[in-house]
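All remarks here apply to the structure that follows.
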Amino acid sequence: MNILLVRNEFIRKNNYTADYLQLSQALKKLGHKVILIGINNKNKFDNDLVLLKIPFRKRRFFMMELSFFLPMYCILKKIDVVIVSSGIILGTLLLIALRKILSIKIILDIRSIPVEEKFQWDYKYGCRIAQKWYNGATFISTGTKDFIEKSFHLKYKKYAIFTSAVNPFLFSPIHIDNISNEIKQKVKKKIVIFYHGSISPNRGINLILDAVNEIKNTFPNILFLSISERNDYIDDYCKINNYSMANNLLLLNAIKHEQMAAYINLADICIVPLPRIFWWEISSPLKLMEYLAMEKPIILSNISAHQLVVPQNSKFALYFNPDNPTDLGNKILEAINKLDELKGNAYKGREIVLHKYTWDIQAKIVENFISEL
């Protein structure tokens with residue numbers, strides 16, 4: 001099949017937003033031709049990646065552009081299936097009108113609900129249009145599907161669930177290169193607590209900083225390594241709270257996706273600190289799966305999304321209560337005291353990934369769903 005993935009995201013090939021590219025590669029391995037359309041600052045047209053600039057930085061103009069671009073592109077590339085992310089459904093109205101003529105299946109794909117912001121005005125109407133006129137829908141979790149259906153009084157009769165996933169060849173504990181000597185020296189003889197990805201007030205980073213500030217008195221060699229584009233939040237939080245942690249922080253900017261495994265390998269303990277907020281409860285935690293694939297001891301909040309992936313009695317992971325401000329610190333101390341035991345069992349986390357959370361597995365779910373429509 002010729003598959004077109006249309007994403008409402010700013011796509012950069014050189015950092016961790018490349019999970020969309022991983023799905024494309026997995027579908028290609030199944031014998032399909034896949035083209036990914038996303039947003040960037042400049043237009044770019046490759047054989048398998050199309051990046052479109054938003055005209056005049058106005059969303060409505062982008063919808064108009066997509067309305068005419070998609071049908072023409074589908075004709076040109078002889079597309080069989082178009083998978084559209086939420087938020088740009090209004091840009092497919094002309095494609096809907098022509099889908100029977102073009103013999104094209106259109107599928108809605110929802111990877112998340114709006115986080116830390118209200119629904120855009122067209123989100124609800126877009127989901128209604130997709131429910132009525134698209135061939136089917138895919139969701140990142142059952143909770144996400146249930147939320148959308150309940151919120152907008154909809155019922156998707158044809159749907160599939162495919163979760164976040166990881167490339168086990170890219171995220172493997174054998175990757176130890178791509179690290180500068182300067183970074184290696186900074187983590188030498190340290191207890192490295194690791195986090196990477198987006199940072200905001202509702203992602204639990206404050207819990208890590210509060211815990212490290214307390215633990216550094218007991219373990220002065222503890223080091224919190226964060227890789228993110230928003231490490232300024234950490235600096236600001238420490239200043240506001242008068243935390244003196246210059247020797248306990250290593251803050252690095254976002255890096256290329258293919259380099260991340262080597263940096264995760266520096267960690268003694270990886271932390272997924274998401275608080276008990278509804279949108280995290282129904283999410284599918286990509287970063288957790290990357291840590292599992294890397295065979296790392298993990299400390300994670302006891303929200304539903306995490307418990308669906310990692311069993312409570314896992315001997316490589318510790319759960320903490322994000323509603324208790326001191327519990328994360330206690331769990332970090334516990335993890336440090338039995339670090340050898342946790343590391344010895346961390347291979348079980350990779351087994352979880354290989355059994356259920358690889359991109360190859362998710363691509364097969366998508367392929368089967370398309371064939372059933």
Out of the residues in segment 267-278 meeting the condition of being surrounded by fewer than 20 Cβ atoms within 10 Å (Cβ to Cβ) and hydrophobic (A, V, I, L, M, F, W, C), tell me which one is nearest to residue 230 (Cα to Cα). 277
Return the residues of segment 217-233 that are in contact (Cβ under 8 Å) with a residue 24 or more places away in the chain, more than 20 Å from residue 268 (Cβ to Cβ) and not in a loop (DSSP other than H, G, I, E, B); say none if nothing qualifies. 233
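Look through 354, 333, 328 and report the one residue that is over 26 Å from the mean Cα position of the chain (by Cα) and in contact (Cβ under 8 Å) with a residue 24 or more places away in the chain. Quick ask: steps written out before the conclusion?
Working: 354 fails: over 26 Å from the mean Cα position of the chain (by Cα); 328 fails: over 26 Å from the mean Cα position of the chain (by Cα).
Result: 333 is the single residue among 354, 333, 328 that is over 26 Å from the mean Cα position of the chain (by Cα) and in contact (Cβ under 8 Å) with a residue 24 or more places away in the chain.
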Answer residue from segment 192-219, given it is among the hydroxyl-bearing types (Ser, Thr, Tyr) and over 14 Å from residue 298 (Cβ atoms) and is farthest from the chain's Cα centre (by Cα) among those: 218
Residue 163 passes all but one of (1) farther than 27 Å from residue 23 by Cα; (2) modelled with pLDDT of 95 or more; (3) open to solvent by 20 Å² or more (accessible area, probe 1.4 Å); which number fails? (1)
Please indicate, with yes or no, whether at least one residue in segment 282-304 is out of contact with any strand residue (DSSP E or B) (no Cβ under 8 Å at 6 or more places or on another chain), part of a helix (DSSP H, G or I) and open to solvent by 20 Å² or more (accessible area, probe 1.4 Å). yes
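Looking at segment 220-235, which of its residues are over 22 Å from the mean Cα position of the chain (by Cα) and either among the polar types (S, T, N, Q) or within 23 Å of residue 276 (Cα to Cα) (or both)?
Taking segment 220-235 as the starting set, the residues that turn out to be over 22 Å from the mean Cα position of the chain (by Cα) are 220-223, 235.
Answer for segment 220-235, where residues must be over 22 Å from the mean Cα position of the chain (by Cα) and either among the polar types (S, T, N, Q) or within 23 Å of residue 276 (Cα to Cα) (or both): just 221.
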Matching residues in segment 333-360 - criterion: being open to solvent by less than 50 Å² (accessible area, probe 1.4 Å) and in a loop (DSSP other than H, G, I, E, B): 346, 357
Per the list (1) in contact with a Phe, Trp or Tyr (Cβ under 9 Å, 6 or more places away or on another chain); (2) surrounded by fewer than 19 Cβ atoms within 10 Å (Cβ to Cβ); (3) at pLDDT 95 or above; (4) of a type outside the set (Phe, Trp, Tyr), residue check on residue 264 breaks on (2)
State whether the residues of segment 334-351 include one that is more than 26 Å from residue 192 (Cα to Cα) and either among the aliphatic types (A, V, I, L, M) or modelled with pLDDT under 95 (or both). no
Return yes or no: is residue 349 of a type in the set (Gly, Ala, Ser) and closer than 22 Å to residue 174 by Cα? yes
Hits in segment 190-203 - residues which are at pLDDT 95 or above and surrounded by fewer than 22 Cβ atoms within 10 Å (Cβ to Cβ): 190, 191, 192, 196
Unique residue being farther than 23 Å from residue 165 by Cβ, open to solvent by 10 Å² or more (accessible area, probe 1.4 Å) and in a helix (DSSP H, G or I) when the list is 324, 330, 368, 313: 330
Any residue at all in segment 132-142 that is in a loop (DSSP other than H, G, I, E, B), in contact (Cβ under 8 Å) with a residue 60 or more places away in the chain and surrounded by fewer than 18 Cβ atoms within 10 Å (Cβ to Cβ)? yes
Answer yes or no: is there a residue in segment 111-123 that is open to solvent by 60 Å² or more (accessible area, probe 1.4 Å), at pLDDT 90 or above and either not basic (Lys, Arg) or not in a loop (DSSP other than H, G, I, E, B) (or both). no
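The values are calculated or read from the model by the stated rules, or taken from the named source; none is laboratory data. Bear in mind that the values here come from a model prediction, so they are computed numbers and not experimental data. No Cβ is skipped: glycine too gets one built from the backbone with ideal geometry, and neighbour counts run over all protein chains shown. Only protein heavy atoms, including side chains, enter the accessible area calculation; ligands, DNA and RNA are left aside. Shrake-Rupley method; radii C 1.70, N 1.55, O 1.52, S 1.80 Å.
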